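What follows is a single structure, written as structure tokens, with notes after it.
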Amino acid sequence: MTAPMFTPSAMRVKRSPIERVSALIGQGTINLAGGSPDPSLIPLEKLREAYTQIIEEYGAKSFFYPGAGGLDQLIHQLKKWCATLDIGGGEIIVTSGAQHAITQLCAALLSAQDAYVHENPTFVETMNSFLFYSPQGEPVAVDDQGIQTSILESRLKTRKSPPKLLYTVPTAHNPLGVTMSEERRKHLVELAQKYGFTIIEDDPYRPISKPTRTLYSMSPENVVYVGSLSKALAPGLRIGFVLTTSHALAEKLRDLEQMDFSTSTVNQLVTAKILESGLIQSKLGDLREHYASKMRLMLESLRENGLEPIYQPQDGFFCLVNTNTYAEELLLKAVKLGVAFVPASEFYFDNTGHTNIRLSIGPVDKSLIPEGVNRLVKALNQNEQA
């Protein structure tokens, strides 16, 4: 077969470094790379019971095609879930995880000529959705208070026209772990109101983070909210949602969902059953403390070995560390020593970050975090001696 002639859009999409590193993780490797939740917190028995109950209650209908926009049972429960997390009201569209939500929003709102702003660094996998629909991305630096809105404002003042969209992970940022300050949130919303661009608020870590005001609650007419149950329940269920006050946008997202029908009917029903039981709502405090304690241990282990994150993580799974050595070479040595991380250069969109690595406390057993850091330091020492 001759080589396929790929479209320019397809050529802009690349395999993420997270997927690449995941393929290197073998038996005995301490996984400081993955963005999955702690497997010990996935309620296997409750999920088993819920699947059994759903099949008994709905029979073959459990496995029918889902309707556009999500099942009523799940939408009803997600509205309650949003109220629990103080997110705000609006129309809910169920998606196959947050990544699917972002892709659908880009399909609805972004053309090849449209400019958009994103944080730098930012979550590389989500950027594939933006890059597929438009190459016109403009990175703005992030610090320990979130996106630097003063830089953004300076650029907006000199532009002939505003960007169409701005993408942000304001709470427990991936990969930095920082949370946008209240002052920056207010400023960002004010800029959106003044210049007329739409903010896409990607907020998957809210259930495991300290409460903050959402951008959406501050200006629902300028913000589209994207939520997920991957960190609070289980990522393999692939349940995410969009929250918007725009009926026209909600309707268009329902139209676009007919292109893939990708949100599983049975998984929607099971998730609705779990939410109705109050299981994860009752465990939110425990979830937050569990991950906070793992992050404290990660930071302690780093400090004991003379390492510090670039910015102090405030919540979530991730911290970014400058190793002062080429991260791709370091990874090969680290994997041989039985520890994995993600080289962070592809999270940056200004050809920087080549010595930075993303460390995660998500899937790793807490007891293995100190040893994982020890193995990382051994790899660093080997690199220095080479």
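Shown is the FRET efficiency for Met259 and Asp72, computed with R0 = 25 Å from the Cβ-Cβ distance and rounded to the nearest 0.05: 0.70. Springs between alpha-carbon pairs under 10 angstrom, Gaussian network model over the chain: which of Leu330, Leu302, Leu156 fluctuates most? The residue with the greatest mean-square fluctuation here is Leu156. Remark: the Tyr311-Tyr58 segment gains 86.2 nm on full extension, using 0.36 nm per residue and subtracting the alpha carbon distance. Once the Cβ-Cβ distance of Leu279 and Lys157 is raised to the sixth power relative to R0 = 45 Å, the FRET efficiency obtained is 0.40. Report the local net charge at Ile208: Lys and Arg +1, Asp and Glu -1, summed over other residues whose C-beta lies under 9 Å from its C-beta. Computed value for this residue: +2. As a quick test, which of the pairs Lys14/Lys186; Lys46/Lys79; Lys186/Lys366; Lys80/Lys164; Lys283/Lys336 have an alpha carbon distance above 26 angstrom in this structure? Result: Lys14/Lys186; Lys186/Lys366; Lys80/Lys164; Lys283/Lys336 exceed 26 Å. Taking the chain as the region of interest, what is the percent of Cα-Cα pairs per 10 angstrom bin, listed from the shortest bin to the one with the maximum distance? Values per bin, smallest distances first: 5, 23, 32, 26, 13, 2, 0.
The stretch 174-209 and the stretch 313-386 have Cα centres lying 27 Å from one another.
Give me the net charge for the shell around His100: Cβ to Cβ below 11 angstrom, other residues only, Lys and Arg +1, Asp and Glu -1. Residues near His100 contribute -1 overall.
Take peptides 11-23, 347-359 and line them up by average Cβ neighbours within 10 Å, highest first, as a rough protection proxy.
347-359, 11-23
With a/c under 1.5 counting as rounded, go ahead and sort the stretch 31-188 into rounded, prolate or oblate using the C-alpha gyration tensor (a ≥ b ≥ c being the square roots of the eigenvalues; past the cut-off, prolate if a/b is larger than b/c, else oblate). Taking the square roots of the gyration eigenvalues as a ≥ b ≥ c, the stretch 31-188 is prolate.
Separation of the stretch 246-296 and the stretch 48-117, taken as the distance between their Cα centroids, equals 7 angstrom.
Classify the stretch 32-86 as rounded, prolate or oblate from the Cα gyration tensor: take a ≥ b ≥ c as the square roots of its eigenvalues, call it rounded if a/c is under 1.5, otherwise prolate when a/b beats b/c and oblate if not. Taking the square roots of the gyration eigenvalues as a ≥ b ≥ c, the stretch 32-86 is oblate. Suppose every K and R has +1 on its Cβ and every D and E has -1 on its Cβ; what is the size of the dipole of the chain about the Cα centre, in Debye to the nearest 20? So the magnitude is around 220 debye. A cut-off under 15 angstrom between Cβ atoms defines the neighbours of Thr263, and their net charge, with Lys, Arg +1 and Asp, Glu -1, is -2. Beta bridges per DSSP, both residues in the chain: antiparallel share near 50 percent. Packing here is the average count of other Cβ atoms within 10 Å per residue, and on that basis the peptides 42-51, 196-205, 214-223, highest first, run 196-205, 214-223, 42-51.
One chain, two ends: Ala141 and Glu329. Fully extended at 0.36 nm per residue, the span grows by 65.1 nm beyond their Cα-Cα distance. Only DSSP H runs of four or more residues enter the estimate; each adds -39500 (n - 2.57), and after division by the residues of the chain the mean residue ellipticity at 222 nm equals -13000 deg cm²/dmol.
Within 10 Å of each residue's Cβ, count the other Cβ atoms and sort Ile25, Ile239 from fewest upward. Starting with the residue having the fewest Cβ neighbours, the order is Ile25, Ile239. Computed from label points 7 Å out along Cα-Cβ, the spacing between Thr355 and Glu300 is 2.9 nm.
Only the coordinates and a few stated rules stand behind these numbers; no lab work does. Everything quoted here is computed from the prediction, not taken from an experiment. Heads up, the Cβs are rebuilt from the backbone with ideal geometry, glycines too, and the neighbour counts pull from every protein chain shown.
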